[in-house]
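Participant: Supplied in structure tokens, the structure appears directly below.
Read-outs: derived from the displayed coordinates by stated rules, not from any lab. Just so we're clear, the structure is a prediction, and the values are computed from it rather than from any experiment. Quick reminder, even Gly has a Cβ in these numbers, built from the backbone with ideal geometry, and neighbours come from all protein chains shown.
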Amino acid sequence: MIGESYHYNEDFTELTIKIRPGVEWSDGVAFTARDIAFTLHMLRDNAPFLRWSADIEAWVKEAQVIDDLTVKIILNEPNPRFMAHYLMDGFVKALWIVPEHIWKDQDPVSFTNLDIAGGWPVGTGPYRLAQVTDTEFIYDLREDWWASEIGFKPLPRVERIIYRLAADETMLAMAIIKNEVDMTGDLPPALMMEVLEKNPKVSTFSYHEPPFGYIDWWPTYMGFNILEPPFDSAEMRWAISYAINPDDIEVYALEGYGKTSKVIFPEYPPLMEYYYDIADLLEEYPIGEFNLEKSADIMLGQGYVKDGEGFWVDPDGERISFVIASHLIFREIPAVVVANLRDAGFDAAFHKPVGVWEMFATGEARIYITGHAGSLRDPWGSLDLFHSRFVLPTGTLATSFYRWANPEFDRIVDEMAGVGFGDPRVFDLHRQAMEIWLPELPCIPLANWYHRNPINHTYWTGFPNVDDPYTNDAFWHKQALMPMLWRLEPAK
Amino acid sequence: MTISYLLKRLGFFVLVIWIASTIIFLLPRLPERNPVAERMLETAARGGGVVVGLDEMMAAWNEKFGLDQPMWRQYLNFYKDLLHLDLGYSLAVFPTRVSAMLVRAIPWSIGLLVVSTLIAFTLGSLGGALLAWPKAPRFVKYFMPLLLCLSAIPFYLMAIALLALFAFTLGIFPLGGGHAGGVVSSLSLPFILDVLRHATLPALALVLSGVGWWALSMRGMMVIGLKEDYITFGEAKGLRGKRVFFRYALRNVLLPQVTSLALSLGLLLSGSVLVEVVFNYPGLGTLFYTAIKSFDYTVINGVALLSILGVATATLAVDLLYPLLDPRITSQRRMK
């Protein structure tokens, strides 16, 4: 909205952005190219303390102010995805541009940027922060918003936005049933159906039909610390994959209202084109196939036998025992997977300990169930999660948890990084990468992740849905809320 | 009260705070999980892609918070800051100071819990004393046992039941929060009334759950107290029943009850967590719960320290005030 256009140079090492004229901060100061340049330099110069600062330090050589409305970003390496990843994509990605005239005299690491009486924080959106407590944020509409004054966008009809903290899902459900709120965060299917039944004015992205929401970009998968036995063996990983029954996950873990997954990225239409393109590979390496015979064949072929209780033991008589680490948000998926694995002869259990993210990152969790986010439009983002530059010894914090290394795979992913969105070469590179990835199976895709956000139509209409998906309805996503606010009209 | 008595009690006060705060310092650190790493890794994983340099960022913030120091040095730094009344920054919502978060939450907890406890104490003590008094009005005999039954219900279950009935089903009271959503805080009458309305159900949960306990303990002491000679003497002298009840019986058995009240006020935090969480009440309990979920060491320490100080101060106050309240203690010491 603030940007009018952008273009790269030929080798994707320079990105030029044109800003729309007339954009202003909420204190009346003009938003210019200087704010973008200042923000990028501030992040670069204060790495690694600020979020995204290490990224900007790695990618940005400098940002040049060509004129008030034009900034040129000089990159250290070719990156056709820099604009999308850091300045456009929403969800919970993308960095915030800060006002130079306020931040230039502050220590960016400790600056609170909060002085409501003084008008801080300033922003370029149509709302200002009116009050903040530990349980609530209140934003009020600004009548003097620049976009409405220049005729670019109308003022939203919503005059006040209130974010409230809720203790748990039951409180969310009660609040929306009683019409105390217009939207809440995720609810599980069973609770969602209660809500829909008790308040007919509440619906979801898919109305009153399953899955009661939409697929999010954060699929669930089973991962391994591939540096550590027995998961350093691709055969073991495939034996485990064949032992997992996706029907059980759909029925018991997803309550019959979700979809298991066979891909490492969310099942969005642009991405699924890459999945369908490698159908022949997937026949040879059938992710998501439940086949206890194949699982047993692999284990027997590796020299394992079953003990008197039906569990696999190695040639030394040691049982294959492991505890799957996971997080509370994955609900019943670990329990169902453990039941499948035990039926297949793996002495498996699960736990959801405090500090589990650190366990994933250090490799202390040798086998785990979690989510990952990467791709939105093309496969590079998700494939890059498996790059070996993230592999660190067990015990060291790694930012991608797989600890799988393949130099040829790295080369292909690096080459893909320099190819722009929509370039047909990505299909070929994706195939080459998956020819290496599939036999190795560094992770087992399990399920799509859904956002099931109840929407109350008592006071407002115009929310997005499957027939009018102008945005997603996760109001906490950066790209979602404003399009919704422009479309909302009072119901009465 | 002698100087040595005073010094002994003060010394004990300091010792209790030191031991308890040491335990509070150690407990979150026992699992050997790094709160900075935990927070950053979860944010990065949900945020998409792989954040470059996350390990450097974690190392930098660990150094900033002193978490890269050996445990003994972290301990010394903790006490050094404490002596300057510096509770540090929140790890989860940096750069908010822990003291700022406590200052915002304290008024809510004190307002709700102190008032509820005092109401429960007054009703319970009076009701319990009347239960033991042979000449009590008849309605007391029927009303108090009902309250005793309600008191058998744990306060958090009482809270859920009240929420389900009066807020969700009947819609008489709000579902939760300290005040209506979207209302800017002020000292206006409408805001104060709104706060009182939101505090009614949480307070009712605490009062209904607590009144029976006070009543039972008071009744027990009253039964024993009524057998004292001075009660018989007072009745024999022909004193009015009300005078014997209030000035002779109740006054003398009230002291242990007051001791319990002082201690229970100090223990407010432990009772507040669940009630505040159920009602989404913005007090110390909710702050504590949120800090535990987000592994926010510094806020956990801050809230727990406040609770420790409360209990220790209440105990000290009782120890120091008792000789003044009960002349028998002072005269017995003099006789020795």
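Participant: Taking the Cα centre of chain B as origin, work out the dipole magnitude from +1 charges on Lys and Arg Cβ and -1 charges on Asp and Glu Cβ, in debye rounded to 20. Can you show the working numbers first?
Facilitator: Working: 28 positive and 17 negative charges, 390 e Å.
Once rounded to the nearest 20, the dipole reads 1880 debye.
Participant: Ok, one more. Does anyone have the angle between helix A:425-440 and the longest principal axis of chain A? Alpha-carbon axes, 0 to 90°, nearest 10?
Facilitator: The helix A:425-440 is inclined about 40 degrees to chain A.
Participant: Here's another thing I want to ask about it. What is the mean number of Cβ atoms from other protein chains located within 10 Å of the Cβ atom of each residue in peptide B:95-108, rounded to a whole number? Don't skip to the answer; put the middle values down first.
Facilitator: Working: counts 7, 3, 1, 0, 0, 2, 1, 0, 0, 3, 3, 0, 0, 3.
Going residue by residue through B:95-108 and averaging, the value is 2.
Participant: Projected area of the protein assembly as shown, taken from the Cα convex hull and averaged over every viewing direction, in nm²? Don't jump to the answer; show the numbers that get you there.
Facilitator: Numbers: hull surface 176.9 nm².
Mean projected area for the protein assembly as shown: 44.2 nm², to one decimal.
Participant: Please list 3J(HN,Hα) in residue order for the range A:167-172, calculated via the Karplus relation 6.51 cos²θ - 1.76 cosθ + 1.60 where θ = phi - 60°; whole Hz, with x for glycine and proline.
Facilitator: 5, 7, 5, 4, 5, 4
Participant: Right, something else. Pull up all non-local amide H partners of A:Tyr127: gap of 5 or more, or a different chain, and H-to-H distance under 5 Å with H placed in the peptide plane.
Facilitator: Amide H neighbours of A:Tyr127, under 5 Å, 5+ apart: A:Arg142.
Participant: So how much slack lies between B:Lys227 and B:Val184, counting 0.36 nm per residue of separation and subtracting their Cα-Cα distance, in nm?
Facilitator: This chain segment gains 9.8 nm when fully extended.
Participant: Once phi is turned into θ = phi - 60°, what whole-Hz ³J(HN,Hα) does the Karplus curve with 6.51, -1.76 and 1.60 give for every residue of the range A:101-109, x standing for Gly and Pro?
Facilitator: Each residue of the range A:101-109 in turn: 5, 9, 7, 5, 9, 10, 7, x, 6 Hz.
Participant: Projecting each Cα onto the charge dipole of the range A:161-301 (Lys/Arg +1, Asp/Glu -1 at the beta carbon, about the Cα centre), which of A:Ser203, A:Pro266, A:Tyr214 comes out farthest on the positive side?
Facilitator: The residue sitting most towards the positive pole is A:Ser203.
Participant: Along the positive direction of the dipole of the range B:214-316 (beta-carbon charges: Lys, Arg +1; Asp, Glu -1; about the Cα centre), which of B:Val244, B:Gln257, B:Asn301 reaches farthest?
Facilitator: Comparing the listed Cα positions along the dipole, B:Val244 ranks first.
Participant: While we're looking at this one, here's another question. Over chain A, what is the mean sequence separation of C-alpha contacts under 8 Å (at least six apart), divided by residue count, expressed as relative contact order in percent?
Facilitator: Values: 901 pairs, mean separation 88.1, N = 492.
So the answer I get is 18 percent.
Participant: Further, regarding this structure: With +1 on each Lys and Arg Cβ and -1 on each Asp and Glu Cβ, and nothing else charged, work out how big the dipole of chain A is about its Cα centre, in Debye to the nearest 20.
Facilitator: Working: 39 positive and 75 negative charges, 238 e Å.
Rounded to the nearest 20 debye, it is 1140 debye.
Participant: What share of all Cα pairs of the range B:1-145, in percent, falls into each consecutive 10 Å distance bin?
Facilitator: Distribution as computed: 8, 21, 22, 19, 14, 10, 5, 1 percent.
Participant: With N set to the number of residues, divide the alpha-carbon radius of gyration of the range A:137-251 by 2.2 N^0.38 Å and report two decimals. Walk me through the numbers before you get to the answer.
Facilitator: Numbers: Rg = 22.3 Å, N = 115, 2.2 N^0.38 = 13.4 Å.
Here the answer is 1.67, to two decimals.
Participant: Listed here are the pairs A:Lys18/A:Lys104; A:Lys198/A:Lys492; A:Lys18/A:Lys478; A:Lys306/A:Lys352; B:Lys135/B:Lys237; A:Lys259/A:Lys352; which of them are more than 26 Å apart at the Cα?
Facilitator: On the way: A:Lys18/A:Lys104 23 Å; A:Lys198/A:Lys492 21 Å; A:Lys18/A:Lys478 21 Å; A:Lys306/A:Lys352 28 Å; B:Lys135/B:Lys237 17 Å; A:Lys259/A:Lys352 23 Å.
From A:Lys18/A:Lys104; A:Lys198/A:Lys492; A:Lys18/A:Lys478; A:Lys306/A:Lys352; B:Lys135/B:Lys237; A:Lys259/A:Lys352, over 26 Å: A:Lys306/A:Lys352.
Participant: Using only the alpha-carbon atoms, how far is helix A:234-243 inclined from the longest principal axis of chain A? Give it as 0 to 90 degrees, nearest 10.
Facilitator: With rounding to tens, the tilt is 90 degrees.
Participant: Additional query: Anything in chain B that counts as a DSSP H helix reaching 30 Å or more along its axis (C-alpha) with Kyte-Doolittle mean of at least -1.0? List them, would you? Can you show the working numbers first?
Facilitator: Numbers: long enough: B:3-26 (35 Å, 1.95); B:189-225 (48 Å, 1.28); B:297-325 (40 Å, 1.67).
Long hydrophobic helices here: B:3-26, B:189-225, B:297-325.
Participant: Work out from phi, with θ = phi - 60° and the Karplus expression 6.51 cos²θ - 1.76 cosθ + 1.60, the ³J(HN,Hα) of each residue of the range A:326-335, listed in order in whole Hz, and give x for Gly and Pro.
Facilitator: Residue by residue, the range A:326-335 yields 8, 10, 3, 5, 8, 6, 8, 4, x, 5 Hz.
Participant: For the range B:139-187, what's the radius of gyration and Dmax over Cα atoms, in angstrom?
Facilitator: Spelled out, the Cα radius of gyration and Dmax of the range B:139-187 are 15.4, 46 Å.
Participant: Considering all projection directions equally, how large on average is the shadow of the alpha-carbon convex hull of the range B:187-240, in square nanometres?
Facilitator: Values: hull surface 26.5 nm².
With the hull built on Cα positions only, its mean projection is 6.6 nm².
Participant: For the range A:186-253 and the range B:79-151, write down the distance between their C-alpha centroids in whole Å.
Facilitator: The two parts, judged by their Cα centres, are 43 Å apart.
Participant: Going by Cα centres, the range A:437-492 and the range B:167-197 are how many Å apart?
Facilitator: That distance is 31 Å.
Participant: Additional query: Taking the dipole about the Cα centre of the range B:52-136, with the C-beta of Lys and Arg at +1 and of Asp and Glu at -1, give me whichever of B:Ser99, B:Ala136, B:Leu113 is farthest to the positive side.
Facilitator: After comparing all options, I get B:Ala136.
Participant: Treating only the Cα positions of chain B as identical point scatterers, give the base-10 log of I(q)/I(0) from the Debye formula at each q in 0.09, 0.11, 0.12 Å⁻¹.
Facilitator: Values returned for q = 0.09, 0.11, 0.12 Å⁻¹ are -0.65, -0.90, -1.02.
Participant: Let's see if you can work this out: charge +1 on each Lys and Arg Cβ, -1 on each Asp and Glu Cβ, no other charges. What is the dipole magnitude of the range A:1-85 about its Cα centre, in debye to the nearest 20? Please list the in-between numbers first.
Facilitator: Details: 8 positive and 14 negative charges, 28 e Å.
Magnitude of the dipole: close to 140 debye.
Participant: If you don't mind, another one. Under a Cβ-Cβ cut-off of 13 Å, what is the net charge of the residues other than A:Pro99 that fall near it, where Lys and Arg count +1 and Asp and Glu count -1?
Facilitator: Working: positive: A:Arg34, A:Lys104; negative: A:Glu24, A:Asp27, A:Asp35, A:Glu100, A:Asp105.
Every neighbour counted, the sum reads -3.
Participant: Relative to the longest principal axis of chain A, what angle (0 to 90°, nearest 10) does the C-alpha long axis of helix A:33-45 take?
Facilitator: Once rounded, the angle reads 40 degrees.
Participant: 5 Å is the cut-off here: which amide hydrogens, built 1.01 Å from N in the peptide plane, fall below it relative to A:Ala398, excluding neighbours closer than 5 in sequence?
Facilitator: Long-range HN contacts for A:Ala398: A:Thr362.
Participant: Can you give me the long-range amide H partners of A:Asn225? Hydrogens built in the peptide plane at 1.01 Å from N, cutoff under 5 Å, separation of 5 or more residues or another chain.
Facilitator: Amide H to amide H, under 5 Å and 5 or more residues apart or across chains, A:Asn225 pairs with A:Ile367.
Participant: All other residues with a Cβ under 15 Å from the Cβ of A:Ala58 taken together, and with Lys, Arg as +1 and Asp, Glu as -1, what is their net charge?
Facilitator: Values: positive: A:Arg44, A:Arg51, A:Lys61, A:Arg81, A:Arg389; negative: A:Asp45, A:Asp55, A:Glu57, A:Glu62, A:Glu77, A:Asp384, A:Asp414, B:Asp55, B:Glu56.
Computed value for this residue: -4.
Participant: Using only the alpha carbons of the range A:322-471, determine the length spanned along each of the three principal axes and report them from longest to shortest in whole angstroms.
Facilitator: Sorted largest first, the three principal extents are 54, 43, 30 Å.
Participant: Enter the mean projected area of the convex hull around the alpha-carbon atoms of chain A, in nm², rounded to one decimal. If you can, show how the numbers build up before the last one.
Facilitator: Values: hull surface 99.8 nm².
Averaging across all directions leaves 24.9 nm² for the Cα convex hull.
Participant: State the Cα centre-to-centre distance between the range A:281-330 and the range A:7-63 in whole Å.
Facilitator: Cα centres, the range A:281-330 to the range A:7-63: 49 Å.
Participant: Computed on alpha carbon atoms, what radius of gyration and Dmax characterise the range A:203-347, expressed in Å?
Facilitator: In Å, with Rg to one decimal and Dmax whole: 17.0, 57.
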